[in-house]
Amino acid sequence: MRKRLIADRQPEAAQAPADWLRLDELADVEISSEDAAHPIESALLDAGGNGWRASLPGRQTIRLVFAQPQRLRLISLRFVETSCQRTQEYLLRWSGNGGQSFHDIVRQQWNFDPHGTSTQTEQHRVDLAAVGVLELIITPDIADPQAIASLAEMRLA
């Protein structure tokens, strides 16, 4: 038997803030609901806000509609839940034809537990050449339709 020692692969360094797309200049945002104290700008812009929060319970949609098609290489999402235990699911998808049809990027579930795993951070590496619409659909709790969705941060490069 042949064997080799391998070094632990270190995760690649996070994308530098200068490389993030300026969503306020490149896209319109459509949202299914919004708590006035937690506007979507808090999650999308590098302004140090406290993130977005829905004003209504249940499944929520955040849709970025780009003025010009964008090339995307990295989609970074961060969710934080410090108050209750829940299983969240999100679907990230894109459209190159103005939202007439969508292609799934990822559908993922995460179990939040305020006594352990209260933060979910995902870095989705993609190679999408002409994104006209990027959509994030959040089901805040697959077992409780009264749960409120939130998003701490979303960045694109």
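All of the numbers you see were taken from the coordinates with simple rules; none came from a lab. Computed from a predicted model, the values in this text were never measured in an experiment. Please note: Cβ atoms are built from the backbone with ideal geometry, for glycine as well, and neighbour counts cover all protein chains shown.
Listing for the model above:
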| item | result |
| --- | --- |
| Lys, Arg +1 and Asp, Glu -1 on Cβ, resulting dipole of the chain about Cα centre, debye, nearest 20 | 860 |
| Order of Asp141, Asp28 - criterion: other Cβ atoms within 10 Å of each residue's Cβ, fewest first | Asp28, Asp141 |
| GNM top mover of Gln123, Gln100, Gln68 - the chain, alpha-carbon springs below 10 Å | Gln100 |
| Relative contact order %, the chain, counting alpha carbon pairs below 8 Å whose residues are six or more apart | 32 |
| Ascending count of other beta-carbon atoms within 10 Å, so fewest first, for Leu151, Leu56 | Leu56, Leu151 |
| GNM flexibility winner over the chain from Glu81, Glu25, Glu34 (Cα, springs under 10 Å) | Glu25 |
| HN-Hα J in Hz across segment 71-78 - Karplus 6.51, -1.76, 1.60, θ = phi - 60°, x for Gly and Pro | 8, 10, 10, 8, 10, 10, 10, 9 |
| Global size of the chain as Cα Rg and Dmax, reported in angstrom | 16.8, 63 |
| Alpha-carbon centroids, segment 58-77 and segment 79-103: separation in whole Å | 10 |
| Val65, Val106 arranged by Cβ crowding within 10 Å, fewest neighbours leading | Val106, Val65 |
| Estimated 222 nm signal from helices in the chain, with DSSP H stretches of n ≥ 4 weighted -39500 (n - 2.57), rounded to 500 | -500 deg cm²/dmol |
| Which of Ala54, Thr121, Pro140, positive extreme of dipole for the chain (C-beta unit charges) | Thr121 |
| Around Gln146: net Lys/Arg minus Asp/Glu count, Cβ-Cβ under 14 Å | 0 |
